[in-house]
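Comments concern the structure below.
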Amino acid sequence: MDEFDEIVSSCTPRETGAVDIYQNTVGLACPSCDEPFDDLIVSKEFTRLNLSRQMDICATVHEGSPVLFTHRK
């Protein structure tokens, strides 16, 4: 994903640790579906996501780490 660094630098960091979460506060388009996404989630190790609401998810990989783009319904 060529635009990863640009997307991350345009988003607002919300949480770091085993999973980094960046909020899309500027309305960037998801590189997978071209629709605006809500959060960019980067998993640095095997973990479980506990999602509090139903949402669509687009997935890709960047430098060996899973990257998720969430779309709230």
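The values are calculated or read from the model by the stated rules, or taken from the named source; none is laboratory data. Quick caveat, the model's predicted, so the values are computed rather than measured. Positions of Cβ are generated from backbone atoms using ideal geometry, with glycine treated the same way; all protein chains shown enter the neighbour counts. Side chains included, ligands, DNA and RNA excluded: accessible areas come from the protein's heavy atoms. Shrake-Rupley method; radii C 1.70, N 1.55, O 1.52, S 1.80 Å.
Looking at this structure, is residue 38 touching a Lys or Arg at 6+ places or on another chain (Cβ under 8 Å) and either open to solvent by 70 Å² or more (accessible area, probe 1.4 Å) or modelled with pLDDT of 90 or more (or both)? Considered against the rule, which asks whether it is touching a Lys or Arg at 6+ places or on another chain (Cβ under 8 Å) and either open to solvent by 70 Å² or more (accessible area, probe 1.4 Å) or modelled with pLDDT of 90 or more (or both), residue 38 comes out as yes.
Residue 11 falls short on exactly one of the conditions (1) of a type outside the set (S, T, N, Q); (2) surrounded by 15 or more Cβ atoms within 10 Å (Cβ to Cβ); (3) modelled with pLDDT under 95, and that condition is (3). Looking only at residues of region 14-26 that are free of Cβ contacts under 8 Å to residues at least 24 places away in the same chain and open to solvent by 50 Å² or more (accessible area, probe 1.4 Å), we find that the one that is nearest to the chain's Cα centre (by Cα) is 23.
Kindly indicate whether residue 45 is free of Cβ contacts under 8 Å to residues at least 60 places away in the same chain and part of a loop (DSSP other than H, G, I, E, B). Walk me through how you get there before you give the answer.
Working: free of Cβ contacts under 8 Å to residues at least 60 places away in the same chain: yes; part of a loop (DSSP other than H, G, I, E, B): yes.
In short, yes.
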